[in-house]
Number of protein chains: 4
Amino acid sequence: MEKTSPRPTRGLASDNNAGVHPEILEAIARANPGHEVAYGDDAYTRSAIKKFEEHFGPDIAVFFTFNGTGANVLSLQALTRSFQSVLCSDYAHIYTDECGAPEKHTGCKLIPLPHQDGKITLASVRHAYHGIGDEHHSQPRVISITQCTEMGTVYQSEEIQALARFAHDRGMFLHLDGARIANAAVSLGQTLRQATRDLGVDVLSFGGTKNGILGGEAVVFFQPELSHDFLYLRKQSMQLASKMRFIAAQFEALLTKDLWRRGAEHANRMARVLEKEISRIPGVKVVWNVEANGVFAQIPRHSIEKIKKDYFFYVWIEEESIVRWMCSFDTTEDDIRKFAEVVAEAVRG
Amino acid sequence: MEKTSPRPTRGLASDNNAGVHPEILEAIARANPGHEVAYGDDAYTRSAIKKFEEHFGPDIAVFFTFNGTGANVLSLQALTRSFQSVLCSDYAHIYTDECGAPEKHTGCKLIPLPHQDGKITLASVRHAYHGIGDEHHSQPRVISITQCTEMGTVYQSEEIQALARFAHDRGMFLHLDGARIANAAVSLGQTLRQATRDLGVDVLSFGGTKNGILGGEAVVFFQPELSHDFLYLRKQSMQLASKMRFIAAQFEALLTKDLWRRGAEHANRMARVLEKEISRIPGVKVVWNVEANGVFAQIPRHSIEKIKKDYFFYVWIEEESIVRWMCSFDTTEDDIRKFAEVVAEAVRG
Amino acid sequence: MEKTSPRPTRGLASDNNAGVHPEILEAIARANPGHEVAYGDDAYTRSAIKKFEEHFGPDIAVFFTFNGTGANVLSLQALTRSFQSVLCSDYAHIYTDECGAPEKHTGCKLIPLPHQDGKITLASVRHAYHGIGDEHHSQPRVISITQCTEMGTVYQSEEIQALARFAHDRGMFLHLDGARIANAAVSLGQTLRQATRDLGVDVLSFGGTKNGILGGEAVVFFQPELSHDFLYLRKQSMQLASKMRFIAAQFEALLTKDLWRRGAEHANRMARVLEKEISRIPGVKVVWNVEANGVFAQIPRHSIEKIKKDYFFYVWIEEESIVRWMCSFDTTEDDIRKFAEVVAEAVRG
Amino acid sequence: MEKTSPRPTRGLASDNNAGVHPEILEAIARANPGHEVAYGDDAYTRSAIKKFEEHFGPDIAVFFTFNGTGANVLSLQALTRSFQSVLCSDYAHIYTDECGAPEKHTGCKLIPLPHQDGKITLASVRHAYHGIGDEHHSQPRVISITQCTEMGTVYQSEEIQALARFAHDRGMFLHLDGARIANAAVSLGQTLRQATRDLGVDVLSFGGTKNGILGGEAVVFFQPELSHDFLYLRKQSMQLASKMRFIAAQFEALLTKDLWRRGAEHANRMARVLEKEISRIPGVKVVWNVEANGVFAQIPRHSIEKIKKDYFFYVWIEEESIVRWMCSFDTTEDDIRKFAEVVAEAVRG
């Protein structure tokens, strides 16, 4: 195969544009010899689940899926019936970036709430909680938050606790889309358990793809009885891997010797470097606090296409000319410096 | 991670219990360096699709999914609306082994037809084709066949052609679940194109997982216009991989230097060896022609649990005490001899 | 409006081709004056539900829907999750005549069982009950039977009891599609309760449209806790009538002064007259016992189109030239004599 | 049946709390004699459809459903595939009052737009129209508006034309939820055709229940080819009436001798009387223009429960203490005077 792309080796488009961490690739190779029963009834899967128990404590239920959309949709499906609704940010990944997958698969309504720096507030949840007991109205069942948020910010512990309390007081559940939960935990100086279970999260989409694995996601139930039907839901939702050992082995590696933390710490640190570098450029304004591995900046509209000649990235809010740049486990300071130079040059015009 | 399984290194439970072919693992590693745009807009994916065009000819549309259920369901979804039906064998994988995924996702009815040696016949399709134009009746839209069949047999070319003709004469489509299409093509002495497109197949689920890849499946449309909405369907159906390059790289390797053929030829040959070995055992009767990589045998009921002490495998038809044994790219003659000894011993009682 | 149809005033095509019983029309008119709160929170609805309690006993939950398909699908939806399956006759109305509505709305698989004189047997249910606990397999959850059956026969009490026992012993439910439950109860000499609840039926689709009402159906839960979410399911499934009082008033009238019984008794008696009349015609053979209001006959193929010049009716099994003729609350002996003459004439050739 | 409700004969809770217009009841009775083929293949249905053609012109396709939710959902289902989206007001009936039926049945996303006096603006539609061609994003397919709006206002012709043009320029469709289209046409001094088809509406939910019929709704396609699959969709969506003649007869009557217009004119006129009466009450403020048959008023919070002792009605916007009062074909000036007295008394405190 010939690669003709003229782009730099590494960009800042997304943490899922990075490849696979070497320790993960080795784990896959190590899991290869011999035959294993398919669909998860194998030693690698059992071992990986034990790793989750080491991190999150006992009495959990863990299931692997192929991707984040699968993990999110299946989490919601396990918690809902079709006449119920899910409250989330109007910028939530499940609301804007999954092509309607949650609605299609659960039959539920997703209720978009205004966000503040990427976070939904207790006030907005309270406002959306109405029509209870009215058969004409989808019944609120789940609050779903993304951590880190789609604006690169991080919910503080007491913010999550308040949402969990609101939910639990009303027979609702708190789901956390943790595509970047590692970056959040690192940002908050917490363990994975402190950042999720201990705050009242009921179900976690635990992401690995954005933190150096090849592919796969885990759904973690902190009340195992909620996962009673999950094996069937996963199979029917086309998220059951036959050669499960290779997803399991990746998560085992990610949760071993703090690889999850090392990758996230590095990415977060690189984001702070990036923030510093581009903040110096006149006309570039960082618009949300850099609390994890993403930097969101308002840049002159004319510069966007110019930068894109060298680097692919996403415009986050078109109307306001806000763009997103993400750091990953393999971003280098040198990558950032070169990128900042291109930005500076483009902005100058 | 400790592996405590006392089982032999390789068994005959399923070709998806095998690991990953070394050439596939190498291809994954080769695709790793640097960043690539996610979701399929990358050089590896483009290159893999070219490989498909080399094998199947131009004017096709190729999409990668995570697994066979995903490929099958998405194929059907692209071809149907919810009030239509899919005709298939009552032993078809889509009918019996996907936990109702096709019905859930397409809304369609699957009409089970009696099979003959694993194959549906034109007569049974013709019998099921009725109620046309009657709004009370799901309207037949797709004929779906599995090649190799769930009984290890292989449709002959003229059988597939006849089904294709029947379908096309009525505005219907022919879908082929090709989880083991490589084994079938080898069995028939055909190229991949001769075994599918040239016979009138409209959409193909092209399997790799049972032929040595780590994970992934491809949906191949031989009339690209049928795939008009496929990108959206795939995303909404949670089958869009972010690090797509790693699925693409596997398929590129599988379609390079005849790896698909080498693996299938070997597996098929091993099945013939297995057939020969177990046919010698009194009380063991091979029930369907061994035309590819599976051997289905009726064995004394008492022997099943005994064999299972050493080897995991699936009982295929409980009432008739028929079991399934599958060979894969890595099965050795030695594996088979040891297995046959265990069977012989168990059958003796 | 001009009616130009040259057909006889009343035919034998279906009991739903009849109009509305005068007592029902009067009940509608009586319910008309003044305003009533919509959607079922009105005195007429409460009063009709009391009537159901008089007939079926206390501790039930009753909900009105628009039609039989709605009642059936909603019954199944209340009892299932999408990865489960429903066991029913391969001639069941839910399987063959609802255009896949149950599959589309519940996501479940319907498993067709062979029937014997229209009835599913315990043996066939037992055979279909497998794959329990296997995530690849839709999990059996409901047995659904039709009473009277689609072949005009009537399940005996002990047959229903056996199916109910089988279901309940396995955590499953028994649903009864009672589009013609009145005809069955009359045939068996039972009350409505004896014919349903007392036999172990869990949920009943109680039909009125085929017994003289204008339109509407009732879902009756004999374990009210199963209906916990039903108000939401009904609304979301588009089966909630705004002017509910008019459906309620019809059911109140149907359950008053034995109107349900009078209509069904008459229709059943007319079917016996019809049976007698056509049995005399050489070449006409009644193929299933006439146990309720339908007569199924095998007639010379050439006669079908001739009879259809005068009377619309349905060919039930094309291959065997079996047709269906139904009597209704308003069928007269004179209607039958005239019809039998036309049949005799047509058969003669 | 005993009616013990102490409420006044007629209230102002909703136009669907009214009963059936005498001319409609007579039409039902007239359609009763004799048998008719079920499911719409009858002379009454053909005749009613001709009436629609008289009003809306030739080359239309008309289908009856049971209720408004059915008509709306089926309209959307005919126009969409599951990965598409529907743009509508965040107060649209389809968005807030159908318990998620559109999402469940179509699989589509409904995108809520801010409304201005109940209407969505071209600007808000334009803002929501983005992500085109991006597989991660539900693709906008339908603009759905309600006429009269949920705030009792009426879109002007040029507003509808502008939305239609926007839609058609982008391969989208304009759906009109016409639960109260009669009131709107009367308000605008238009024929039914002028108020819909001539403005570019593609599919119309034509309501009757709120204008004096017993039950039923019509879906009218102004491009018949869009209805190609509608018979199947209607059946599968449980909206096919067996005794269709009785829905058809109602619509025939509604469209005969201007009954639709007489009912709507009266209701609209009564709303103006109501507006006048309550505007005199200090502390009561009419919040949106009274353009049809609804009056929306902000009233002192303390008065709500007091009024409710005598009259049931809906609080429309809880936070702002805005309530809704609707007039119907049978509202009398006397009803209004008595109601206004109760309001005045309650407001006084």
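Throughout, read-outs are computed from the coordinates displayed, never taken from laboratory work. Everything quoted here is computed from the prediction, not taken from an experiment. A quick note on method: Cβ atoms are made from the backbone with ideal geometry, for glycine too, and the neighbour counts reach across all protein chains shown.
Quick rundown of the values:
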| read-out | value |
| --- | --- |
| Alpha-carbon centroid distance for the pair the range C:271-349 / the range B:78-101, whole angstrom | 37 Å |
| Overall dimensions of the range C:163-208 as given by Cα atoms, namely Rg and Dmax in Å | 10.8, 32 |
| Choice from D:VAL125, D:VAL37, D:VAL295 showing the highest fluctuation, given a GNM over chain D with Cα pairs closer than 10 Å | D:VAL37 |
| Signed unit charges on C-beta, dipole axis of chain D, positive-most listed residue D:THR149, D:GLY57, D:PHE221 | D:THR149 |
| For chain A, calculated [θ]222 nm from helices alone, where every DSSP H run of n ≥ 4 adds -39500 (n - 2.57) | -11500 deg cm²/dmol |
| Taking D:ASP15, B:ASP169, D:ASP42, D:ASP310 and counting other C-beta atoms within 10 Å, the order from fewest to most | B:ASP169, D:ASP310, D:ASP42, D:ASP15 |
| Among C:GLN194, C:GLN161, C:GLN236, residue whose mean-square fluctuation peaks in a GNM of chain C (springs only between Cα atoms under 10 Å) | C:GLN236 |
| Formal net charge of residues neighbouring D:HIS55 (Cβ-Cβ distance under 11 Å; K, R +1; D, E -1) | +2 |
| Calculated from backbone phi, Karplus (6.51, -1.76, 1.60) coupling profile of the range C:318-331 in Hz, x at Gly/Pro | 3, 4, 9, 6, 9, 10, 10, 10, 10, 9, 9, 4, 10, 5 |
| Using a 7 Å Cα-to-Cβ projection, A:ASP334 label spacings across copies, nm, ascending | 4.7, 9.4, 10.4 |
| Dipole of the range B:266-318, positive direction: furthest Cα of B:ASN293, B:ALA267, B:ILE307, with charges on the beta-carbon | B:ILE307 |
| Share antiparallel - DSSP beta bridges, the protein assembly as shown, percent rounded to 5 | 55 percent |
| Dipole magnitude (debye, nearest 20) for the range B:223-334, charges at Cβ of Lys, Arg, Asp, Glu | 240 debye |
| HN-Hα J in Hz across the range A:131-144 - Karplus 6.51, -1.76, 1.60, θ = phi - 60°, x for Gly and Pro | x, 5, x, 9, 5, 7, 10, 4, 8, x, 10, 9, 9, 10 |
| Tensor-based shape of the protein assembly as shown (alpha-carbon gyration tensor, a/c under 1.5 rounded, otherwise prolate or oblate) | oblate |
| Shielding by other protein chains, C:239-252, mean Cβ within 10 Å | 4 |
| At 7 Å out from Cα toward Cβ: D:HIS302 inter-copy label distances (nm, ascending) | 6.4, 9.1, 9.2 |
| For the range D:278-345, the Rg and Dmax computed from alpha carbons only, in angstrom | 11.3, 31 |
| Label spacing, shortest first and in nm, from B:PRO33 to its equivalents in the remaining copies (7 angstrom along Cα→Cβ) | 2.9, 9.2, 9.2 |
| Size of charge dipole - the range A:117-249 - debye, nearest 20, with Cβ of Lys, Arg +1 and Asp, Glu -1, no other charges | 500 debye |
| Low-density loop cleavage sites - trypsin sites (Lys or Arg not before Pro) in the range A:95-175, where at most 15 other Cβ are within 10 Å (DSSP) | A:ARG170 |
| P(r) histogram, all alpha-carbon pairs of chain D included - 10 Å bins from 0, percent | 5, 25, 32, 24, 11, 2, 0 |
| A:ARG81, B:ARG180 arranged by Cβ crowding within 10 Å, fewest neighbours leading | A:ARG81, B:ARG180 |
| Other-chain or far-sequence residues with amide H under 5 Å of C:GLY11's (modelled H) | D:HIS35 |
| Innermost chain A residue relative to the axis carrying A onto D, by Cβ distance in angstrom | A:GLU103, 2 |
| Number of partner chain Cβ atoms within 10 Å, mean per residue of B:38-49 | 3 |
| Local net charge near A:HIS175, Cβ-Cβ under 12 Å (Lys/Arg +1, Asp/Glu -1) | -1 |
| Within a Gaussian network of chain D (alpha carbon springs, distance under 10 Å), most fluctuating of D:PRO33, D:PRO102, D:PRO58 | D:PRO33 |
| Chain B, dipole about Cα centre (Lys/Arg Cβ +1, Asp/Glu Cβ -1), debye to the nearest 20 | 440 debye |
| Note, ³J(HN,Hα) from phi for the range D:62-72, Karplus 6.51, -1.76, 1.60, rounded to Hz, x at Gly and Pro | 10, 9, 8, 10, 7, 8, x, 4, x, 5, 5 |
| Separation between Cα centres of the range A:191-240 and the range D:218-250, rounded to whole Å | 44 Å |
